[in-house]
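This report refers to the structure that appears directly beneath it.
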C-alpha cells in the first residue's frame, strides 16, 4: 500500500524529517528553519489553504502539487527535485519560489507559470521543460549548473524571462538542442522573454521552412515595454543544426521585420565556443521579433510559384506568373527568343512589389505573330542588382502538338518520335536542357513509314529537356522529354 504522511496542524521543524511515502499538507502551517530539511520519497501536496514556510530544504522524489487559491508556499529555502524520472510542478495559481533545484537526470515539467527570486540550479543533471508556461526570474536571480545537455527546454510557447540592463544575462535555452542566448541592454532596462524553436521559417512565424543556408532554429526575443532598448546579443548553436550550404565564415544574425528577413547587422565568421558549439553576435538592436542565423542572402529575392506562356490567337501570346513572397524585388524583365535566334532579347519590364509576403499575380500580353516556336523567360532583378532567371517556356506559332507522339517518356536510353500527316519533308531535330542550351541537333528526312529514333540518351544527365522538330514548311513541334537514370 502506498504510504503518505498527512499533516493537519501547526508544525515547526529545525532538524530533518524523512517521509517514506507522500507528504500531504492538509491545511497545516509547516515552518522549516534555516537548517531544517524534509526528505520525501514520494510526492508533496500542499492543499486546503495550508502554508509551507520553507527556509530550509524540501527534497522530493515525485511531483509537487499545490491547490487552492489561499494555499501558500513561501520562504527563502530550496525546493529540490531529485527523483529518477520526469517530475512535475503543479499549482492551480502561479507559484513563486526562492530557490529551485533539479537534480533528477531527467526533466522537471511545468504545468503553470513559475517565478524564481534567487536561484535555479540544474546541477548539470537536470532540465526544466516549459511547455506553454513562463519561467520568470527576478532581476538578481541566476541560473546555475547548465550546460549543452542540461538547460531550459522551450518546446512550446513558454518563455524564459528576466530583466536585462547593462550587465549580460544568459538564457540557457533550447528545444531539441542547446541554443544559449546572451543579451545586455545599454538602453532602458526592460524585461526580455526568450524561447527558441526548431526550424527557421521564411515568413518569420509561419510559412515554409528554409532548407539550406541557415541554422535550423528561430530565437523569439520580445521586450516587455516596446521602445527604448538597445541590445547586444549573442546566439549559440550546435554544428548539427546547420543546414546544407551554411557557411560559418560568412554568416550573421538575421531579424524578421517589416515582412522580410533583415541581415543588415552584418556578416562575419562564427566563433567556436567549445566542442561543436558556435556563436555569433550583433549589436545595436532596438526592435524585437524572430531572430535567426544565416549565411549571406538567406533567400532568393522572389519565390516564383508559377510561370505560364500560352498563345491566345495567331498574333498574341499571354504570359502569366505568380510569386508567393518577394524580398527586395525591383521587377521583372520579360525576355523572348524566336527559333532562328541564338539569344534572348528584352521585350518588356514589369515593376515588382519590393517586399511582400502576399501572393502576387502578374500578366503581360506579347504581340507575336511568328509562326514558328517562341521561347520566353523572366529575368528578375532585386534592388542591389542581383539577378535570377525563371525556367524557359516555349510557345508554338501553330498548335500542332497533337500531331506529335514521343515514347517512352520518361526514358532512360532511347526514344521514338512519331509525326502524323508528314511525308517526305526535311526536319531539324534538336533538344534543349533546362537552361535553354542546345545539347543535340541533327537533320533527317521524314516519311509516312519512318519514325525518328534518338539513341544513347543515357549520356545526358537526368532531367527535363525540351524536344523541337522544325519542318521545312515552317511548322514547329514541341514536346517535353524526361530523361531518367537507370
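Each reported figure results from applying straightforward, stated rules to the coordinates on display, with no laboratory input. As the structure is a prediction and not an experimental result, all values here were calculated from the model. So basically every Cβ, Gly included, is an ideal-geometry build from the backbone, and we count neighbours across all protein chains shown.
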TODO: Averaging sequence separations of C-alpha pairs under 8 Å and six or more residues apart, then dividing by the length of the chain, give the relative contact order as a whole percent.
DONE: 6 percent
Task: Percent antiparallel among DSSP beta bridges (both partners in the chain, rounded to 5) - done: 65 percent
Task: Efficiency of FRET from Cβ geometry, residue 296 and residue 412, R₀ 45 Å, rounded to 0.05 - done: 0.70
- [ ] Please tell me the relative contact order of region 219-372 in percent, rounded to the nearest whole number, where contacts are Cα pairs under 8 Å and at least six residues apart.
- [x] 21 percent
Task: Residue order, fewest to most surrounding Cβ atoms within 10 angstrom, among 384, 198 - done: 384, 198
Open item on the list: Order these by the 10 Å Cβ neighbour count, fewest first: 62, 33.
Closed with: 33, 62
- [ ] Tell me the label-point distance for the pair residue 115, residue 384, using the 7 Å Cα-to-Cβ offset, in nm and rounded to one decimal.
- [x] 4.5 nm
Task: Efficiency of FRET between residue 328 and residue 272 - r from beta-carbon atoms, R0 30 angstrom, step 0.05 - done: 0.40
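Mind running the shape call on region 159-198? Use the C-alpha gyration tensor, a ≥ b ≥ c as the square roots of the eigenvalues: rounded below 1.5 for a/c, prolate if a/b tops b/c, oblate otherwise.
Numbers: a/c = 3.28, a/b = 2.22, b/c = 1.48.
Judged from the Cα gyration tensor, region 159-198 comes out prolate (a/c at least 1.5, a/b above b/c).
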Open item on the list: I want to check the label-to-label distance for residue 166 and residue 484. Put each point 7 Å from Cα in the C-beta direction and report it in nm to one decimal.
Closed with: 6.8 nm
Task: Per-peptide average of other Cβ atoms within 10 Å, ordering 74-84, 241-251, 360-370 highest first - done: 74-84, 241-251, 360-370
Task: Cα gyration tensor shape for region 118-236, rounded if a/c is under 1.5, else prolate or oblate - done: oblate
Task: Convex hull volume of the chain per residue (C-alpha atoms, cubic angstrom) - done: 208 Å³
